Amino acid sequence: MSTSTDTRGNDVDYAPRRLSTETKNATKTTELIAFVLAVVAVVVTANLYDGSGDGTGGDPFGATTAIRYVVYLTIAYMLARGLAKSGSREVYDA
């Protein structure tokens, strides 16, 4: 009878496998909630605010200003999501 010894080196420690990515989906973050609330606040304010009230007319916070603020909020949100995802890779496509 022959005896055999295992020489494959099974005593090597392997790092545990990650089963998920580092970042959450966009719909599960507080960034999205804050973005939606801020956009709603801008739209509501633009609709309700009617000027200084002194009768001179003109709306200092009209639709153009509201759209500008919504665009700024959207750019800030996309930058925040990009920074959150910049350090992670989606390698779990199996």
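The values are calculated or read from the model by the stated rules, or taken from the named source; none is laboratory data. It should be emphasised that the depicted structure is a prediction, and the values quoted were computed from it without experimental measurement. Reconstructed Cβ throughout: ideal geometry from the backbone, glycine too, with neighbour counts over all protein chains shown.
All of Leu19, Leu48, Leu83 fail the test of being modelled with pLDDT under 70, surrounded by fewer than 10 Cβ atoms within 10 Å (Cβ to Cβ) and not β-branched (Val, Ile, Thr), apart from Leu19.
In the stretch 63-81, the residues that are at positive phi never reach a residue that is surrounded by fewer than 15 Cβ atoms within 10 Å (Cβ to Cβ) and modelled with pLDDT of 90 or more with C-beta atoms less than 6 angstrom apart, at least six apart or across chains.
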